[in-house]
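One structure below.
Bear in mind these aren't lab numbers, they're just calculated from the coordinates by the rules spelled out. These numbers were taken from a predicted model, which means no experiment stands behind them.
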Amino acid sequence: MDMTPWLTVATTLAALNALLLLALGAVWLKNYRTFGSNLILGLLAFAAVMLLENLVAVYYFFSMEMLYVGSAGAQQSVLVLRALQFVALLFLTYVTMQ
């Protein structure tokens, strides 16, 4: 079964989210090793959980596509949620890398 354009974009965004989270996680791990702050540890845990969530999403997009195929509305909703997460992670990455 071929992936619909909605799911293709959602999958791409989930993969990009994972890359941003890897970059954020690397910076926050370095900072945690330097400063040992609980706040930075919380950010590191956030990155790990969100990374896992995005990797699981990519897996399901490829292996369980039929969950979304029946409803264009569901596909569009998934895309909107991935896009919102991507924008949020772009902001977070921008301020972290400054």
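Residues considered: 22, 39, 84. Largest GNM mean-square fluctuation over the chain, using C-alpha springs under 10 Å, is found at 39. Estimated from helices alone, the mean residue ellipticity of the chain at 222 nm is -31000 deg cm²/dmol (sum of -39500 (n - 2.57) over DSSP H runs with n ≥ 4, per residue).
Which one is right for this structure if semi-axes √(5λ) of the Cα gyration tensor in Å is calculated from it: (1) 21, 17, 11; (2) 31, 12, 9; (3) 32, 16, 8? This structure yields the entry labelled (2).
Summary of the geometry: the stretch 14-31 and the stretch 40-98, compared by the centres of their Cα atoms, lie 13 Å apart. At full extension, residue 98 and residue 60 could sit 10.3 nm farther apart than now, given 0.36 nm per residue minus the alpha carbon distance.
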